Ligand SMILES: Cc1cc2nc3c(=O)[nH]c(=O)nc-3n(C[C@H](O)[C@H](O)[C@H](O)COP(=O)(O)O)c2cc1C
């Protein structure tokens, strides 16, 4: 997996802290993990654990300075083997389905090289997940070849029982690794 590059997109879900373990698992498997966070993701977890565990800079802003001349959203999108969005919010799913490009993650998704695969692990309140708008966005993305993993049923952090929990990170990492073979 040494030469495999994963963009890990982290969005503004209460489950965002679980993406720290996910990044760590993927790094332990030898993947090069490059984390991009939305500004809302940073309300839940800071870039520091991602930077330390991935051993790579974290992109949090479309206008971040990079080492080379290329903006990170183009450089990373050119080189990635997999775009993994975990956790993915209803908001970011909608943006990806619509092709919006208003932050570093959504720009990377649009600029992604044609060989790269996309895996999305949603996490949200059950009503948000089951809402027809979200389900239509998921269907749109699936038609484009995007793969989904989860969400699972259980006790949600909003206090309700239902579907919307982030799939276990070990299983997300396992599927991500399978997609890289
Ligand atoms: C405490 C709290 C928890 C949240 N958890 C989720 C979540 O798990 N899933 C989700 O879709 N939105 C969640 N939201 C709402 C998102 O943070 C909000 O839609 C935000 O605009 C997402 O931005 P992003 O997709 O750019 O990261 C939560 C909001 C709050 C205040």
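The numbers here are math on the coordinates, done by the rules we state, and not lab data. In this text, all values refer to a predicted model and were calculated from it rather than measured experimentally. Glycine gets a Cβ as well: all are built from the backbone with ideal geometry, and neighbour counts include every protein chain shown.
Just checking, how many residues over the stretch 28-45 are in a helix (DSSP H, G or I) and crowded, with 19+ Cβ neighbours inside 10 Å?
Total satisfying the criteria: 1.
Here's the yes/no breakdown for (1) within 16 Å of the ligand (Cβ to nearest atom); (2) within 18 Å of residue 109 (Cβ to Cβ); (3) in contact (Cβ under 8 Å) with a residue 60 or more places away in the chain:
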| position | (1), (2), (3) |
| --- | --- |
| 14 | yes, no, yes |
| 21 | no, no, yes |
| 26 | no, no, yes |
| 34 | no, yes, no |
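Go through the stretch 3-27 residue by residue and tally those that are assigned to a helix (DSSP H, G or I) and touching a helix residue (DSSP H, G or I) at 6+ places or on another chain (Cβ under 8 Å).
Adding up the residues that qualify gives 11.
Please work out if residue 119 is more than 21 Å from residue 44 (Cβ to Cβ), surrounded by 16 or more Cβ atoms within 10 Å (Cβ to Cβ), under 15 Å from the mean Cα position of the chain (by Cα) and touching a residue at least 24 places away in the same chain (Cβ under 8 Å).
When the stated conditions are applied, residue 119 does not pass them.
Look through 97, 77 and report the one residue that is assigned to a helix (DSSP H, G or I), out of contact with any strand residue (DSSP E or B) (no Cβ under 6 Å at 6 or more places or on another chain) and more than 13 Å from the ligand (Cβ to nearest atom).
Exactly one of 97, 77 is assigned to a helix (DSSP H, G or I), out of contact with any strand residue (DSSP E or B) (no Cβ under 6 Å at 6 or more places or on another chain) and more than 13 Å from the ligand (Cβ to nearest atom), namely 77.
May I ask you to list the residues in the stretch 136-157 that are within 15 Å of the ligand (Cβ to nearest atom), touching a helix residue (DSSP H, G or I) at 6+ places or on another chain (Cβ under 8 Å) and either part of a loop (DSSP other than H, G, I, E, B) or free of Cβ contacts under 8 Å to residues at least 12 places away in the same chain (or both)?
Selection gives 150, 151, 156, 157.
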